[in-house]
1. Output the number of residues of the stretch A:353-398 satisfying the condition of being at pLDDT 65 or above, within 10 Å of chain B (Cβ to nearest Cβ) and more than 12 Å from A:Val328 (Cα to Cα).
2. For the stretch A:89-135, give me the residue count where each residue is more than 14 Å from every other protein chain (Cβ to nearest Cβ), touching a Phe, Trp or Tyr at 6+ places or on another chain (Cβ under 9 Å) and hydrophobic (A, V, I, L, M, F, W, C).
3. Looking at B:Arg40, B:Arg34 in this structure, which one is basic (Lys, Arg) and surrounded by 23 or more Cβ atoms within 10 Å (Cβ to Cβ)?
4. Confirm whether B:Ile6 is within 22 Å of A:Glu320 (Cα to Cα) and more than 14 Å from chain A (Cβ to nearest Cβ).
5. For the stretch A:14-31, enumerate the residues that are within 14 Å of another protein chain (Cβ to nearest Cβ) and surrounded by fewer than 24 Cβ atoms within 10 Å (Cβ to Cβ).
6. For the stretch A:136-156, check the following and say yes or no: at least one residue is crowded, with 18+ Cβ neighbours inside 10 Å, within 11 Å of chain B (Cβ to nearest Cβ) and not in a helix (DSSP H, G or I).
7. Taking interchain pairs and intrachain pairs at least six residues apart, which have beta carbon atoms under 8 angstrom, with the first residue in the stretch B:9-26 and basic (Lys, Arg) and the second at pLDDT 95 or above?
8. Could you tell me which numbered condition B:Gly349 fails, if it satisfies all but one of (1) modelled with pLDDT of 75 or more; (2) within 16 Å of A:Leu45 (Cα to Cα); (3) surrounded by fewer than 21 Cβ atoms within 10 Å (Cβ to Cβ)?
There are 2 protein chains.
Amino acid sequence: MVIRAIAVVGTGLIGTSIALAASRRGVTVFLSDRDSVAARTAAALGAGRAEAPAGPVDLAVLAVPPSQVGPVLAELQGRRFAHSYTDVASVKSGPELAALRHAPDPSRYVGGHPMAGREFRGPLAARADLFRGRPWALTPSHLTSDTALGRARELVAVCGAVPVVTQSQVHDDAVALTSHVPHLVASLMAARLREGPDGVSRFAGQGLRDVTRVARGESALWGDILQANAASVVGVVRDLHTDLTRLVSALDVLALSQTQTQTQTQTQTRDAGERARAMGTLVDLLDRGIAGLSRIPAAPSGAPDDAHRLRVACDDAPGELSRLLDAVSGFGVAADDMSVESAHGALGGGLDVRFGADPALADRLVAELVAGGWDAGRENGPGHGRREEGRVVPVVRT
Amino acid sequence: MVIRAIAVVGTGLIGTSIALAASRRGVTVFLSDRDSVAARTAAALGAGRAEAPAGPVDLAVLAVPPSQVGPVLAELQGRRFAHSYTDVASVKSGPELAALRHAPDPSRYVGGHPMAGREFRGPLAARADLFRGRPWALTPSHLTSDTALGRARELVAVCGAVPVVTQSQVHDDAVALTSHVPHLVASLMAARLREGPDGVSRFAGQGLRDVTRVARGESALWGDILQANAASVVGVVRDLHTDLTRLVSALDVLALSQTQTQTQTQTQTRDAGERARAMGTLVDLLDRGIAGLSRIPAAPSGAPDDAHRLRVACDDAPGELSRLLDAVSGFGVAADDMSVESAHGALGGGLDVRFGADPALADRLVAELVAGGWDAGRENGPGHGRREEGRVVPVVRT
């Protein structure tokens, strides 16, 4: 089974990106949008033809807002527009329920959610590689046919994405945590900026930009998404509210003790205990945050997971470490992948530098370093026994 | 007045980056750290000499945690380590107060805060260009001498940063909003991930990564920072708590109506009003977030601010718009900078494409497009009068 012809209904960022990817893989793509200029723009980008198919296509992709999936699906199925149907809405229980209730043949529909986006929208922002390597949820109902699921899987493959087949409610609970609540948190933070003093923007850095970036999303579309997933979202938000309430109390104590550091009072000992507890609450929250981050898969690092560990003895004269960095950079090793320790413990002598190298390149890298005058080798080679004497200066992700 | 020799006390990410920048500009830099391997690592990177200066340096840069600035300053001034002193702590009122109270000569000290960082720490993560183009707060007290401020300004210039001279309390209020509360918000969100169901990580995308990224910061250091700025931080956090409390109520209503959509009750009309109000609360928060984002200076865009507006008539046949994109890409114009409308209104004919071009390149670009067969020109040239007939498909930042 191979999908030969698809229809993309809704040529915004997501629909047009799917259409571009499919067209490049030789699939015939028919494009439509309530806004005909959007469909023609997508066509002019090479995403397909801005015309209606003559007969039923293999798969119709409904790239419309969550609340429109049900009505559009029912309407298209009523006129035999396609053999199978999927959508791209970021909530899945609601569309599934609508399909089960109102679609002429729910077995032909499987929910879908490609988990990628950009901070731009509209067909001009589309990219054929938008979904490459990204998860794409598929949420078959108990009625979804193998054929419908198979065609949706083919679409995911055509787009280079990674299929994640799961139940619609499992999906909705997960994205409440990974997407919908993060959006609300970004909005809550960004809303604070409105009331900040003038000149605040002079102090805005990358951290603030990152925390608030997703809050740019269209409020009407996001209102639709959040309403559709309110039950899952509110569970997470309520726990967050509990943490925040505790945090406000702790900060109140710390703020008060900040202004009172001068005053010696009888209650000083009690205050000290209260301050320590407040600080404990604060640091506990920060630590739980760090622990939570371990649930997010790490971004790709320069050092491959199965890297071979190398060790180089490096003089600690000015610039020597930079010279080593230059020598290894051509092999994909960056300073961020290295650790440094004292070669002879305490203060004397040089530095022991350790890092992971691509297994395929490790031997050549060692040979080049040795040829360049360095004492280099595998980490379990000469010099390794000294490790416990030295003090390690790792580069630490903070 | 030119700084010839400085000492960097604390060779972590920030201290070593400053030392690298200064060394590259010919300044003599002396490096020290409680951890001698860190200082030697910085020296081996070319950041300076891991030794004590023979006599007083022009400027000592205290790259130590906020709570250490006061004690280290007093100790160094006591032995005439430098003529002037500055620090890099991310809170400024506390260190200033400590200097005024405990330093032998507070006139020689000016608070400083370079507003840049990385998600890595330690000397190996240092970059000479870490501060280029970034704001660097300088917070002179009423006692700070012009000489001390002048030397700190020179350091800022040497690092390529943008000095922002302000009062310590103004700085602390601003960074509470732009840095400290965003950190707490990221931690609150990341802490939720700990309790999420298994498999949540399969759904983690760039949005979640961005919102939570800064939560990686060391909890001990950040506890120190937040405690030192608790009074400013709690004001912002309390307002955020108020918004969140309202949000929980609104989501509760929406979640309830989600589960009750099937039930016809006498209270339906009242419920509809309640739902509408809840939706209003939700969308209002999202809109306030979008409004708040306008306080953050936009990241650099492909189109220069004073771009000349060009217009090109483009056939809407498959791939024609891609051909135009290829033609203009060499001139720094990207799809994200363009808008498209129907050339003749409604459905007929081609597309009118508009975009900004570098003023210095605009004429050459138009000439090349015309030579390539396109109908191209300035936006106020032929064809502009048609604009109101067409429907605009802009690329919209969301």
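1. Number of matching residues: 0.
2. 3
3. Sole residue among the options that is basic (Lys, Arg) and surrounded by 23 or more Cβ atoms within 10 Å (Cβ to Cβ): B:Arg40.
4. Considered against the rule, which asks whether it is within 22 Å of A:Glu320 (Cα to Cα) and more than 14 Å from chain A (Cβ to nearest Cβ), B:Ile6 comes out as yes.
5. Of everything in the stretch A:14-31, those that are within 14 Å of another protein chain (Cβ to nearest Cβ) and surrounded by fewer than 24 Cβ atoms within 10 Å (Cβ to Cβ) turn out to be A:Arg24, A:Gly26, A:Val27, A:Thr28, A:Phe30.
6. yes
7. Cβ pairs passing all conditions: B:Arg25/B:Val158.
8. Every listed condition holds for B:Gly349 apart from (1).
The values are calculated or read from the model by the stated rules, or taken from the named source; none is laboratory data. Owing to the predicted nature of the structure, the values given are computational and were not obtained by experimental measurement. Note that each Cβ is placed from the backbone with ideal geometry, even for glycine, and that neighbours are counted across all protein chains shown.
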